[in-house]
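Worksheet: one structure, shown below.
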Amino acid sequence: MHYEDEEMEKRPQEYAPYRSTLDDRDRAHAAEELHENEDTRDASIAQLREFIAKHPQIVRCRTDPVFLLRFLRYRKFNVAEACATLEGGLAFLMRMRTLYGEEVNTFHPNVQRMLDLDAIVPLGLDRKRRMVILVRVGAMDPKDTTALLQMRLGALVINTCLEYERTQVHGTVWIVDCSGMTMGHVGAWGLSEVKMMADSINEVVTMFVKEVHMVQVPRITWIMLDLLLPLLSPKIRDRFKFHRTQDELRSAIDVSILPTTYGGEQSFKQAVENFRDMFDAQTRWFKLEEQFLMDLSIPAPGTGGRTARNNQRNEFPGEESMVGSFRKLTVD
C-alpha cells in the first residue's frame with residue numbers, strides 16, 4: 001500500500017507502520033531518558049492518532065510514526081502532554097499563516113533565499129550523538145532579512161533535523177556566533193517578534209536543546225537578550241553559556257565537529273553540502289506540511305477548562321487564544 005497517499009488524512013484507511021532507524025545505543029538512551037520501549041511507543045502512537053482523528057478542529061495533519069514520535073519523545077511519552085503540544089503547534093502555524101501569509105511556507109522564494117545564506121547550518125553529530133547547529137548572525141544582512149525570515153530559516157533547519165530519529169532522541173547543541181552583529185540586526189526584532197520566538201522555543205519546538213553557546217557577543221546584543229532570556233523557561237535559560245572568544249568555545253565543544261574556520265576539523269563547505277542533502281531528502285514532508293490545516297473557527301474542545309499554559313502558548317499580542325485543552329476529547 002502507498003501510505004504516503006494517506007499521510008495527510010486524519011483518518012486514513014490504514015496507518016503507516018513504524019520502522020526504526022535507531023541502533024542499540026540509541027534505543028538504550030531512549031529507554032533510559034525518554035521512557036520509550038516497544039510497548040509504550042506503539043500504544044502511544046495509537047493514542048495520538050486517535051486524538052488527531054477525533055479532534056474537531058484538525059482537518060489535515062501527518063500521522064506517520066516519525067512525525068508523531070517527535071511529540072511523544074519530547075514529552076517523554078506523556079501522551080496527554082504530547083497531544084497538547086501537537087495541538088498548540090498546529091494552532092501556532094495557523095496564526096502565523098494568518099499574520100504573515102505565504103512567507104511562512106518553506107518553499108516561499110524569500111525563505112529559500114535565506115537558505116542560500118548558510119546562516120544556520122547543522123554541523124553533524126557530536127560524540128554524544130547530539131546534532132550541533134551553527135548560527136552565523138553576521139551572515140544575515142539586516143537590510144534584506146526580517147525577524148520572520150530568520151525564524152522561518154530556524155524552523156526549516158529544526159524540522160529537517162527532527163525528521164531524523166537520532167536527533168529526536170539525543171537532542172541538539174546550538175552555537176550562536178554573534179560576531180558581525182550590528183544594531184540593524186537587533187532592530188529587526190520588535191517586542192512581538194521576541195515574544196513569538198520565546199513562545200515557540202518554550203512550547204512549540206519539539207527538540208531537546210541541551211546547550212546554547214553564545215560566542216563573541218557584542219554589547220548591543222544584550223538589548224535583545226535582556227528581552228528574550230526572561231521569557232524562556234528556566235531550564236532553557238540555564239543552558240546558555242557565553243564565550244568571549246573562539247578559543248573559549250573550543251574548550252566547551254567537540255572540536256572534531258567545528259568547522260576549520262573556528263579552529264575545528266571539518267570543512268564548513270562540506271557541512272553545508274551535508275545539510276542540503278538532509279533537506280533535499282525530506283522535501284516531500286515539507287510539501288505535505290504546507291497542507292496542514294486546523295479550522296480555528298470551530299470551537300475548541302474543552303475551551304472552558306483551558307490551562308494557563310495553553311493560553312500563553314497560543315496567544316500572539318492582541319489576540320485571544322482559541323485553543324483549548326485536549327483533556328475533554330476521548331482518547332481510549
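The values are calculated or read from the model by the stated rules, or taken from the named source; none is laboratory data. A quick note: this is a predicted structure, and the numbers were derived from the prediction, not measured. Here the Cβ is made from the backbone with ideal geometry for all residues, glycine too, and neighbour counts use every protein chain on show. Each accessible area value is taken on the protein alone, full model and side chains, heavy atoms only, with ligands, DNA and RNA left out. Shrake-Rupley method; radii C 1.70, N 1.55, O 1.52, S 1.80 Å.
If I filter region 160-168 for residues that are among the basic types (Lys, Arg), within 30 Å of Asp24 (Cα to Cα) and not in a helix (DSSP H, G or I), do I get at least one hit?
Looking for residues that are among the basic types (Lys, Arg), within 30 Å of Asp24 (Cα to Cα) and not in a helix (DSSP H, G or I), one finds none in region 160-168, hence no.
Just give me the residues in region 250-304 being among the aromatic types (Phe, Trp, Tyr) and within 21 Å of Arg97 (Cβ to Cβ), in sequence order.
Scanning region 250-304 gives Trp285, Phe286, Phe292.
Would you tally the residues in region 112-147 being assigned to a helix (DSSP H, G or I), within 23 Å of Asn202 (Cβ to Cβ) and open to solvent by less than 10 Å² (accessible area, probe 1.4 Å)?
Selection size over region 112-147: 1.
Identify, from the list Ile133, Ile175, Ile120, the residue that is modelled with pLDDT of 95 or more, touching a strand residue (DSSP E or B) at 6+ places or on another chain (Cβ under 7 Å), under 24 Å from Arg95 (Cβ atoms) and not small (Gly, Ala, Ser).
Ile120
So, in region 94-104, how many residues would count as being touching a residue at least 60 places away in the same chain (Cβ under 8 Å) and either open to solvent by 40 Å² or more (accessible area, probe 1.4 Å) or in contact with a strand residue (DSSP E or B) (Cβ under 7 Å, 6 or more places away or on another chain) (or both)?
Adding up the residues that qualify gives 2.
Check Ser256, Ser297 and return the single one that is outside any helix (DSSP H, G or I), modelled with pLDDT of 90 or more and of a type in the set (S, T, N, Q).
Going through Ser256, Ser297 in turn, just one is outside any helix (DSSP H, G or I), modelled with pLDDT of 90 or more and of a type in the set (S, T, N, Q): Ser297.
Got a sec? Which of Gln47, Gln57 is over 18 Å from Phe286 (Cα atoms), touching a strand residue (DSSP E or B) at 6+ places or on another chain (Cβ under 7 Å) and of a type outside the set (Val, Ile, Thr)?
Exactly one residue qualifies, and that residue is Gln57.
Would you please name the residue that is farthest from Gln282 (Cα to Cα), looking only at residues in region 142-173 that are of a type outside the set (Val, Ile, Thr) and in contact with a Leu (Cβ under 8 Å, 6 or more places away or on another chain)?
Selected residue: His170.
From the list Ala46, Ala53, Ala84, Ala91, which residue is among the small types (Gly, Ala, Ser), surrounded by 14 or more Cβ atoms within 10 Å (Cβ to Cβ) and in contact with a Leu (Cβ under 7 Å, 6 or more places away or on another chain)?
None of the other options fit; the residue is Ala91.
Which number in (1) closer than 23 Å to Tyr262 by Cβ; (2) open to solvent by 30 Å² or more (accessible area, probe 1.4 Å) marks the one condition that Lys235 misses?
Every condition holds for Lys235 apart from (1).
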